[in-house]
Structures are given as structure tokens and as C-alpha cells.
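Trainee: Starting off with a structure, shown below.
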Amino acid sequence: MKDKLPEIGTMCRIADVGGEESSVDKIAAFGLRCAQAVSWDMELATSEVARTLKKRAADAGVRLTAIWGGYSGPRAWNFTRGPVTLGLVPPAYREVRVRDLKKWADFAAEAGAPAVITHCGFLPENMTDPEFEPVAVAIQDVAEYCKRLGLGFWFETGQETPVVILRYIEEIGTGNLGINLDPANLLMYGKGNPIDALHVFGKYVRAIHAKDGLPPTNGRELGREVKVGTGCVRYPEFIPALLACGFEGDLTIEREISGAEQDRDIRDTIGYLRGLLA
């Protein structure tokens, strides 16, 4: 277990960095000093916005831990349309999304963030699947571009079992692939137990989404996201297991609601996580 404990942060929206009330400033108001910046809007993946984000974060005393970059085209967060709309898996969207992610890599480099994170999709599991190699090549293309910029490229967990992510990291082998482990997503997609997953790919975990959730209750829809500490992640067991892996990243709180309830839950989660880390 390492001597320095993870720092707690949360998400900030790239869309509002130029406004009077930025989510970067709100992070500082929570008493936090690090954040992942997120956007699905490719029109924001510009040099001007990156420079604005970098300055706004520096002025607020907030360290950018990664850029969570989305991509063009449709996306469905379910088990029916998800496999044919998400990530680099659907052939119809693969080429443009590789370009999109490279734009976020340029953005990350200019903003001073160390990595790009995204959902790569419902990755083909079987190495004899004819789509396995094309998807791996697309991921490799993005990873190599990130590497040339001195960046990591990190899988957001959820749509793949832990061993599948491990398989792609090993097969691609660029050295800068890592994992943004969202333990709630593993449960909500029915893909694994987050504590057990650490035994599979723990050495590649670079960041954590501090989120909680419940398993699916039917075969068409994801499980439900809930406030940290009220779902099935089992944080009192997960945090020690994570630290035992030598984790050196940050715990980024993600609460997928908005408004006053989101603010309350983030504040409660900060206290909850600090208690577990004490």
C-alpha cells in the first residue's frame, strides 16, 4: 500500500469553462483540487477552449487529471442499441471517431491534462471474431497518437468484462494504455465485480470514477446509478483492495444527476471517501 493516499476530485464540464459560473470554480468551492474535464461536443475540441480551460483551472487551483472525450454519432446507453452505436466498435462510425479522439488528444495536450479517457464500446471478446483485429487497430491508432503527444489513453470500464480490457491492452501493447475504472459501471452493465476486477487488471488502473450503482434487473437496460455508499460497489472493501494494488491515481466523484441534489451528494461523498481513506 502506498504512503500517499489518492486525492479526491470530481467532474467538470468543458462546455461552461468560459462562463461566469464554471464547474471548475464549483470544484474549488467543494474544497477539491483535481478534476476530469468532460465533453461530448466536438465543436469544443479546439485550441481556444483548451487554453481557456487550462487558465480557468490554474486560476481555481484545480489540477486536470484527464480529458474525458466523447465522439460524433449516435449513442444508446442500453443493451439493445448500445453494441451498435457506442465507441470504436461500430464500423460505420469508427473512422470519424478515431479522428474525434485524436482531436481530444490535441486538446488534452494543450490543456495540460495527462490522458484521454473514453468508452471504446462493447469490444469483441473472442480473438477469432473478424471484428477483433479492426477494433484493436483503431484503438492502437488513437493510443499511438496519444503516445506521440506524451499522453495516456485510458479505457472507461463498463461495456467489457475485465479480462477483455486486459486482452486489448496486452495485444495492442503501446505502453500508454490504462484504465479509468468506474466500479459502478461494471455492475450496471453486469460485466463484473469491481473488487474481483482488480485481480485481473489492477496494475493498469490509472484513475477511478467514484460512483455507485446496481446490477441490471432485465436483459435490455443497464442497472441504476445511485449515490456512493448506497449501491453494490462495497466501497469499504473496494478502497483497501485498490490501494493494495499500488494505485497512484485520483478518485473522481461522478454523480449522474444535476442541480442541488447532485451538489449535496457530491459533498456527502467527499466526506464518505475521506472517512474511508483516513
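The values are calculated or read from the model by the stated rules, or taken from the named source; none is laboratory data. Quick caveat, the model's predicted, so the values are computed rather than measured. Cβ placement follows ideal geometry from the backbone for every residue including glycine, while neighbour counts extend to all protein chains displayed.
Trainee: Just to be sure, is Ile27 surrounded by 17 or more Cβ atoms within 10 Å (Cβ to Cβ) and either under 30 Å from Phe132 (Cα atoms) or of a type in the set (Ser, Thr, Tyr) (or both)? If you could, list the steps in order and put the result at the bottom.
Mentor: Working: surrounded by 17 or more Cβ atoms within 10 Å (Cβ to Cβ): yes; either under 30 Å from Phe132 (Cα atoms) or of a type in the set (Ser, Thr, Tyr) (or both): no.
Judged against the criteria, Ile27 is not a match.
Trainee: Counting just the residues of segment 29-42 that are closer than 18 Å to Gly112 by Cα and free of Cβ contacts under 8 Å to residues at least 60 places away in the same chain, which one comes out farthest from the chain's Cα centre (by Cα)?
Mentor: Going through the qualifying residues, I end up with Arg33.
Trainee: List pairs: first in segment 211-231 and closer than 19 Å to Glu156 by Cα, second outside any loop (DSSP other than H, G, I, E, B) and charged (D, E, K, R), Cβ under 6 Å, 6+ apart or cross-chain?
Mentor: Gly213/Glu225; Val226/Asp212; Val228/Asp212
Trainee: A follow-up question, please. Does at least one position in segment 71-85 carry a residue that is at positive phi and either among the aromatic types (Phe, Trp, Tyr) or touching a residue at least 12 places away in the same chain (Cβ under 8 Å) (or both)? Give the steps one after another, and end with the answer.
Mentor: Looking only at segment 71-85, we keep the residues that are at positive phi, and these are 73.
This time we only want the ones that are either among the aromatic types (Phe, Trp, Tyr) or touching a residue at least 12 places away in the same chain (Cβ under 8 Å) (or both), so: 73.
Yes, because at least one residue in segment 71-85 is at positive phi and either among the aromatic types (Phe, Trp, Tyr) or touching a residue at least 12 places away in the same chain (Cβ under 8 Å) (or both).
Trainee: Just one of Gly70, Gly61 is modelled with pLDDT of 95 or more, under 30 Å from Val137 (Cα atoms) and among the small types (Gly, Ala, Ser); which is it?
Mentor: Unique residue meeting the criteria: Gly70.
Trainee: So which residues in segment 196-234 are in a strand (DSSP E or B) and within 19 Å of Asp268 (Cα to Cα)?
Mentor: Across segment 196-234, the qualifying residues are Ile208, His209, Ala210, Asp212, Gly213, Glu225, Val226.
Trainee: Tell me, which residue of segment 69-88 that is within 18 Å of Leu186 (Cα to Cα) and touching an Asp or Glu at 6+ places or on another chain (Cβ under 8 Å) is surrounded by the most Cβ atoms within 10 Å (Cβ to Cβ)?
Mentor: My answer is Phe79.
Trainee: In this structure, is Glu237 touching a residue at least 24 places away in the same chain (Cβ under 8 Å), outside any loop (DSSP other than H, G, I, E, B) and surrounded by fewer than 16 Cβ atoms within 10 Å (Cβ to Cβ)?
Mentor: yes
Trainee: Still on this structure, I have one more. List pairs: first residue in segment 167-181 and under 10 Å from Val205 (Cα atoms) and at pLDDT 95 or above, second residue basic (Lys, Arg) and buried (at least 17 other Cβ atoms within 10 Å of the Cβ) anywhere in the structure, Cβ distance under 7 angstrom, at least six positions apart or on different chains.
Mentor: Listed pairs, sorted by first residue: Gly178/Arg206; Ile179/Arg206; Asn180/Arg206.
Trainee: Which one of these does Gly87 not meet: (1) farther than 22 Å from Ile179 by Cβ; (2) touching a Lys or Arg at 6+ places or on another chain (Cβ under 8 Å)?
Mentor: (1)
Trainee: Would you pick out the residues in segment 238-271 that are within 16 Å of Arg33 (Cβ to Cβ) and hydrophobic (A, V, I, L, M, F, W, C)?
Mentor: Within segment 238-271, Leu251, Ile253, Ile266, Ile270 qualify.
Trainee: Next question, about the same structure. Collect the residues in segment 46-64 that are under 14 Å from Ala35 (Cα atoms) and under 21 Å from the mean Cα position of the chain (by Cα), keeping them in residue-number order.
Mentor: Residues satisfying the conditions are Leu53, Lys54, Ala57, Val62, Arg63, Leu64.
Trainee: Only one of Glu225, Glu261 is touching a Leu at 6+ places or on another chain (Cβ under 9 Å), over 19 Å from Gly202 (Cα atoms) and of a type in the set (D, E, K, R). Can you tell me which?
Mentor: Every option except Glu225 fails the conditions.
Trainee: From Pro134, Pro114, grab the single residue that is touching a Lys or Arg at 6+ places or on another chain (Cβ under 8 Å) and either closer than 24 Å to Pro162 by Cα or of a type in the set (Phe, Trp, Tyr) (or both).
Mentor: Pro134
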